[in-house]
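*Asks:* Supplied in structure tokens, the structure appears directly below.
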Amino acid sequence: MKFWESKERGIVFLSLHHKDDVLESVHMLIKEASLQNAVVMTGLGSLTKGHFHIIASNNYPPGDTFIKLDGPLEIGHIAGIIAGGEPHLHLTLLDKDMKTWAGHLEPGCEVLTLCELSIQRVDEVPMVHRSLDNSGVKVLDPA
């Protein structure tokens with residue numbers, strides 16, 4: 001894992017390599033770069049393993065269905081918000097059978113060749129993910 005930043009623009013670049021865990025690396029970046037509030041603008045690369053969850057039903061709360069995939073997997077996009085130092089990221093994947101998958105990024109997404117993310121700091125906009133009610137659903141809110 002390597003990262004660097006354009007201090008003038010507030011854009012952080014994260015470069016991941018073979019066997020790096022994407023979400024674990026994002027958590028390390030948040031700590032090492034003191035990244036509290038940001039927008040994940042772009043993410044691309046490839047994975048040997050994918051792990052994500054999707055909503056399980058139209059009930060409220062909907063519950064989660066967890067999906068694990070074996071690669072090779074192409075990352076079409078990673079995007080999301082880091083609020084109060086906590087990432088909420090979604091990804092889109094393409095498998096070897098040309099099937100598209102999408103969902104909420106989970107630990108266990110292992111990089112095959114590379115994974116590159118660009119992240120825009122928004123330190124002037126403090127935000128958090130707060131519980132909306134007792135359902136466990138958290139929503140983006142000003143801090």
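*Asks:* Given 93, 73, which one is free of Cβ contacts under 8 Å to residues at least 40 places away in the same chain, part of a strand (DSSP E or B) and buried (at least 17 other Cβ atoms within 10 Å of the Cβ)? Please lay out each step first, then the result.
*Replies:* Working: 93 fails: free of Cβ contacts under 8 Å to residues at least 40 places away in the same chain.
Going through 93, 73 in turn, the sole match is 73.
*Asks:* To continue, here is another question. If you go through the stretch 79-88 one residue at a time, do you hit one that is part of a strand (DSSP E or B) and more than 16 Å from the chain's Cα centre (by Cα)?
*Replies:* Applying the first criterion (part of a strand (DSSP E or B)) to the stretch 79-88 yields 79-83, 86-88.
Checking the rest, the ones that are also more than 16 Å from the chain's Cα centre (by Cα) come to none.
No.
*Asks:* Given 48, 113, 65, which one is of a type in the set (Val, Ile, Thr), closer than 20 Å to residue 138 by Cα, assigned to a strand (DSSP E or B) and more than 14 Å from the chain's Cα centre (by Cα)? First the steps, then the outcome.
*Replies:* Details: 48 fails: closer than 20 Å to residue 138 by Cα; 113 fails: closer than 20 Å to residue 138 by Cα.
Result of the check over 48, 113, 65: 65.
*Asks:* Then there is this: If the requirement is being touching a Lys or Arg at 6+ places or on another chain (Cβ under 8 Å), closer than 16 Å to residue 114 by Cα and either small (Gly, Ala, Ser) or crowded, with 17+ Cβ neighbours inside 10 Å (or both), which of these qualifies: 25, 15, 46?
*Replies:* Numbers: 25 fails: touching a Lys or Arg at 6+ places or on another chain (Cβ under 8 Å); 46 fails: touching a Lys or Arg at 6+ places or on another chain (Cβ under 8 Å).
Result of the check over 25, 15, 46: 15.
*Asks:* Follow-up. Name, by its number, the condition in (1) more than 30 Å from residue 10 (Cβ to Cβ); (2) surrounded by 17 or more Cβ atoms within 10 Å (Cβ to Cβ) that does not hold for residue 60.
*Replies:* All conditions pass for residue 60, except number (2).
*Asks:* Can you name the number of the only condition in (1) closer than 24 Å to residue 127 by Cα; (2) of a type in the set (S, T, N, Q); (3) under 17 Å from the mean Cα position of the chain (by Cα) that residue 6 fails?
*Replies:* Here residue 6 meets the rest and fails (3).
Here, each number is a calculation from the coordinates, and none is a lab measurement. Worth saying up front: this structure is predicted, and the values here are computed from it rather than measured. When we count neighbours, we look across all protein chains shown, and the Cβ atoms used for this are built from the backbone with ideal geometry, even at glycine.
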